[in-house]
Amino acid sequence: MKGLSTRHLIGIKNITEDDIHLIFETADNFKEVINRPIKKVPSLRDITVANLFFESSTRTRVSFELAERRLSADTVNFAASSSSVSKGETLLDTVNNILAMKVDMVVMRHPAPGACVYLSSRIPANIINAGDGTHEHPTQALLDAFSIRERLGEVAGKKIAIIGDILHSRVALSNVFCLLKLGAKVRVCGPPTLIPKHYKDLGVEISHDVRDTLRWCDVANVLRIQLERQDIKFFPSLREYHQYFGITRQMLLELDREIVVMHPGPINRGVEISSDAADGPHNIILQQVENGVAVRMAVLYLLAAGN
Amino acid sequence: MQAGKTLLDRPRFALTIERLCHQLLEDWGDFSNACIIGIQPRGTLLSNRIHARLEELVGKKIEYGKLDITFHRDDFRMPDGPLAPHPNEIDFIVTDKKVLLIDDVLYTGRTISAALAALNDYGRPGAVELLVLADRRFNRHLPIQPDYFGITVDALDEAYIKVRWDEIHGEDEILLFDKKP
């Protein structure tokens with residue numbers, strides 16, 4: 001079997017369509033593993049993985065940690081808030097010190113876009129990007145596409161809408177790269193202030209009308225409003241945002257067919273999506289979380305196999 | 001491509017499987033509290049046939065599963081890319097059951113060692129026995145021997161045994177090559 005075309009998973013932009021299919025096929029097998037009574041295989045028993053989180057995370061960190069443990073890897077966790085980073089150590093020094101303790105793979109989340117590329121050219125370990133600023137979040141895009149494939153059979157030809165704060169979202173950018181590579185039609189939807197102009201050059205449709213977008217799409221991936229990254233006001237108020245761009249159960253019921261609703265979490269209930277829609281029958285939000293572990297196991301396994 | 005020497009042709013191939021089934025019938029009775037597990041991918045071609053024939057002979061259902069050992073192998077980092085996993089299809093627990101493990105060729109014993117480890121994920125079997133179609137007796141790396149075998153083959157390390165199946169290759173036969181094609 002051909003392996004991945006890359007040693008690191010920095011972004012979806014840098015991997016091929018074949019890579020994505022290989023990850024999905026491997027993840028199918030791992031999904032079966034994590035649904036067994038004994039959810040563990042010994043593949044990575046000689047591998048040590050460092051989880052470096054320079055930015056807060058719940059889902060992604062737990063998901064990576066579970067994936068690593070279910071592959072029998074040894075893990076070390078690192079959170080910037082409780083480390084020497086707060087004493088002024090540089091990223092390269094921090095990582096080199098951790099690598100000196102014989103770590104084989106690094107899973108890193110960092111607030112600076114490009115932090116993983118920077119590291120990948122300077123250290124020998126495999127690097128997996130768990131989110132770098134507003135740049136990419138490749139494993140989230142992979143698990144989103146994997147969940148769409150699981151629900152709808154395939155991704156190619158499907159109409160996927162990404163709705164919400166596109167400007168600050170690494171999930172949106174990785175999703176666009178991933179879905180386009182797999183042959184889906186992609187539309188981004190949100191207020192004009194939250195959609196960067198360069199998106200039209202990526203080959204996606206742009207809309208500011210959420211009702212029209214819901215009528216158009218097979219899948220609506222709803223993104224969180226990232227208030228922590230917004231240093232100026234991009235819309236008048238959260239209430240107004242919800243009124244114009246929030247998804248409600250009523251809007252979904254008014255459609256002439258059933259669409260799939262996704263959300264990468266954490267959900268701001270009552271802002272980008274109402275509680276009744278987030279908990280409704282259309283959503284696959286918790287399946288996304290389950291698939292996240294299987295997809296991350298596949299990525300870790302395939303990168304380790306390439307060494 | 002080099003021509004292989006035929007070790008087992010179609011009529012003897014069928015006869016060998018028939019003989020193995022009758023041998024099992026003699027030792028295992030009606031397979032109550034027992035199950036058959038084929039090792040993915042090639043062992044399952046043999047186990048499919050043995051399972052179907054045994055059900056005919058016994059006249060009742062026999063529990064049957066397919067086990068993938070990829071994630072349990074000690075050599076999954078191969079120079080020509082990672083090993084391709086196959087689905088596990090075992091919808092029962094093997095705890096306290098007698099398990100018949102089936103593979104096509106037994107050579108170094110590493111596959112069987114991984115299969116025994118993988119099997120533990122489905123419970124603690126009461127006993128495990130091994131059936132293979134071809135037993136290459138030389139160059140075993142581990143102390144593993146078959147309980148049932150179709151043929152034994154004594155060949156040099158560089159030789160290669162290929163089992164061809166009607167379902168895939170259009171012929172049932174076992175061929176011996178001087179080296180891996």
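FYI, it's all coordinate maths here, none of it is from the lab. On a predicted model such as this, the values are computed, not experimentally measured, just so you know. Heads up, the Cβs are rebuilt from the backbone with ideal geometry, glycines too, and the neighbour counts pull from every protein chain shown.
Cα extents of the protein assembly as shown along the three principal axes, largest first, in whole Å?
Projected onto its principal axes, the Cα set of the protein assembly as shown covers 81, 57, 47 Å.
For chain A, modelled as a GNM with alpha-carbon contacts under 10 angstrom, which of A:K159, A:K13, A:K233 fluctuates the most?
A:K233
Counting other C-beta atoms within 10 Å, which of A:S72, A:S43, A:S56, B:S47 has the fewest, and how do the rest follow?
Final ranking by Cβ density, sparse to dense: A:S56, A:S72, B:S47, A:S43.
Once you mark the trypsin sites (Lys or Arg not before Pro) that are in a DSSP loop and have at most 10 other Cβ atoms within 10 Å, what is the longest gap between them in chain B?
The answer is B:62-178.
Quick one, what does Rg over Rh come out to for chain B if you take C-alpha atoms and the Kirkwood Rh?
Ratio of gyration radius to Kirkwood radius: 0.95.
Can you list the lysines whose alpha carbon is less than 18 Å from that of B:K162, not counting same-chain residues fewer than 8 positions off?
Hits, sequence-local ones excluded: B:K5, B:K179, B:K180.
With a length cut of 18 Å (Cα positions projected on each helix's long axis) and a Kyte-Doolittle mean of at least -0.5, go through chain B and give me the DSSP H helices that pass.
Membrane-span-like by this criterion, though nothing is claimed about a membrane: B:10-28, B:43-58.
Just from its helices, what would the mean residue ellipticity at 222 nm be for chain B, if runs of 4 or more DSSP H residues each count -39500 (n - 2.57) and the sum is divided by every residue, rounded to the nearest 500 deg cm²/dmol?
-8500 deg cm²/dmol
Quick one: pull the percentage of alpha-carbon pairs in the stretch A:138-284 with a separation above 28 Å.
10 percent
Taking neighbour counts of Cβ atoms within 10 Å as a proxy for exposure, in what order, fewest first, do A:T26, A:T193 appear?
Listed from fewest to most nearby Cβ atoms, that is A:T193, A:T26.
Which whole-Hz couplings ³J(HN,Hα) result when phi for each residue of the stretch A:145-150 is put into the Karplus expression 6.51 cos²θ - 1.76 cosθ + 1.60, θ = phi - 60°, listed in order with x for Gly and Pro?
Those phi angles translate into 5, 5, 5, 5, 4, 5 Hz.
Quick check: Cα centre of the stretch A:122-198 to Cα centre of the stretch A:1-45, how many Å?
Going from one Cα centre to the other spans 18 Å.
Relative contact order for the stretch A:138-284 using alpha-carbon pairs under 8 Å, separation at least 6, rounded to a whole percent?
24 percent.
Of B:Y148, A:G246, B:L83, which is farthest towards the positive pole of the protein assembly as shown's charge dipole, taken about the Cα centre with +1 and -1 on the beta-carbons of Lys, Arg and Asp, Glu respectively?
Farthest towards the positive pole: A:G246.
Quick check on chain A: helices-only [θ] at 222 nm, where DSSP H runs of length 4 and up contribute -39,500 (n - 2.57) each and the sum goes over total residues. Nearest 500, please.
-11500 deg cm²/dmol
Taking Cα atoms of the stretch A:44-134, Rg/Rh with Kirkwood Rh, to two decimals?
0.93
What aspartates and glutamates does B:K61 reach when the alpha-carbon gap must be under 20 Å and sequence neighbours fewer than 8 apart in one chain are set aside?
Excluding near neighbours in sequence, the set is B:E18, B:E26, B:D27, B:D30, B:E89, B:D91, B:D96, B:E129.
Within 10 Å, at most 13 other Cβ atoms, and a DSSP state outside H, G, I, E, B define an exposed site. Report the longest part of chain B free of exposed chymotrypsin sites (Phe, Trp or Tyr not before Pro).
B:1-91
Can you sort A:M297, A:M105, A:M251 from fewest to most other Cβ atoms within 10 Å of each residue's own Cβ?
A:M251, A:M105, A:M297
Put a dot 7 Å past each Cα toward the Cβ at B:K180 and A:D279; how far apart are the dots in nm?
Here the answer is 5.7 nm between the modelled labels.
Just to be sure I follow the rule: in the stretch A:138-284, considering lysines 8 or more places apart or on different chains, how many pairs have Cα atoms under 23 Å apart?
So the count works out to 12.
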